[in-house]
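Working notes, structure below.
Rule-based calculations on the coordinates, nothing more; no lab input. Keep in mind it's a predicted model, so treat the numbers as computed, not measured. Cβ placement follows ideal geometry from the backbone for every residue including glycine, while neighbour counts extend to all protein chains displayed.
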Amino acid sequence: MTHPLKVFITGASSGIGAALAAEYARRGAILGLVARRADALEAFLQAHPQHPISIYPADVRDADALAAAARAFIAEHGMPDIVIANAGVSRGALTGEGELATFRDVMDTNYFGMVATFEPFAQTMAQTRRGTLVGIASVAGVRGLPGSGAYSASKAAAFAYLEALRVEMRPFKVPVVTIAPGYIRTPMTAKNPYRMPFLMDADRFATRAADAIARGRAFAVFPWPMRVVAALLGALPRWLYDRAFERAPRKPRTAQ
């Protein structure tokens, strides 16, 4: 008898996280959903009355709250098969404009929040040689985008961290999957005042991401044309990148 997947997702109240939760609900998974917005989690729960879903209102910047959510999920459902560190924020910020708190908040959420998400599960997964750890990074982490230094730095940190973790977990047969979205249609990107090439619907992204996770892919970029964009960005010499992006549009300096 095949048992349903058990999936633990952070940042599950909207955008990519909510789309991933809905996708795994369609696949019959047992879900543990973490987000700051308790009302949105409750709404998702009410919208899926036939599915086994546990909700945990918590901020990923609070490692103790995350650990408590992990313990509660394990006590009720057992160890998850998949842990997805998805929670993230995107805020425009400029150095010299008194926005140190923004830089710290973005890094605490997008990078340290990812580490804190995996912390309660990694050791047991290694000991049992079961489970998959998934980090949602971003193509924005490939190069430092002007006006998005906080976001780009946090996602570059996520790339490096996930790569290190993947190698660390390799002897224990625990896959670590890096998913790098390009532009995905979510409330976060809705506020961007510039053209977003290859914009992809969140539900379509979630289906592609879940398939990649099921295959245990080490690294995946969606939508697929952004793989080419990411490769080209990474290959540009610094002088050409600087010249090309000097006048690039900037992300608004508002919370998203």
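Distance from the Cα centre of region 27-41 to that of region 89-112, in angstrom? The two parts, judged by their Cα centres, are 26 Å apart. Compute the angle between helix 113-128 and the longest alpha-carbon principal axis of the chain, please, reported from 0 to 90 degrees and rounded to the nearest 10. Between helix and principal axis, roughly 40 degrees. Dimensions of region 164-205 based on its C-alpha atoms, expressed as ranges along the principal axes with the largest first, amount to 44, 19, 17 Å. Neighbour counting of Cβ atoms within 10 Å sorts the residues Thr132, Thr124, fewest neighbours leading, into Thr124, Thr132.
Taking K and R as +1 and D and E as -1, what net charge do the other residues with C-beta under 14 Å from the C-beta of Val142 add up to? Summing Lys/Arg as +1 and Asp/Glu as -1 gives +3.
Here region 126-181 has an Rg and Dmax of 13.1, 44 Å, counting Cα atoms alone. Highest mean first, the peptides 7-16, 144-153 sorted by other C-beta atoms within 10 Å per residue fall in the order 7-16, 144-153.
Between rounded, prolate and oblate, where does region 46-159 land on the alpha carbon gyration tensor, with a ≥ b ≥ c its root eigenvalues, rounded for a/c under 1.5, else prolate if a/b exceeds b/c? Because a/c hits 1.5 or more and a/b exceeds b/c, region 46-159 counts as prolate. Between Met196 and Arg71, the C-beta separation translates, for a Förster distance of 35 Å, into a calculated FRET efficiency of about 0.35.
Can you tell me the dipole magnitude for region 6-245 around its Cα centre, using point charges on the Cβ only (Lys, Arg +1; Asp, Glu -1), in Debye to the nearest 20?
Working: 26 positive and 19 negative charges, 174 e Å.
Value, rounded to 20: 840 debye.
Under 16 Å Cα-Cα from Lys251, which lysines qualify once same-chain neighbours fewer than 8 residues away are excluded? Hits, sequence-local ones excluded: Lys155, Lys191.
Extending 7 Å from Cα along the Cβ direction at Arg37 and again at Ala160 yields two label points whose distance is 3.2 nm.
Would you mind putting 30-37, 75-82 in packing order, based on average other-beta-carbon counts within 10 Å, highest first?
Going by the mean number of other Cβ atoms within 10 Å, highest first, we get 30-37, 75-82.
Sorted largest first, the spans of the alpha carbon positions of the chain along the three principal axes are 58, 40, 32 Å.
Let me have the 222 nm mean residue ellipticity of the chain computed from DSSP H runs of 4+ only, each contributing -39500 (n - 2.57), with the sum over all residues rounded to the nearest 500.
-14000 deg cm²/dmol
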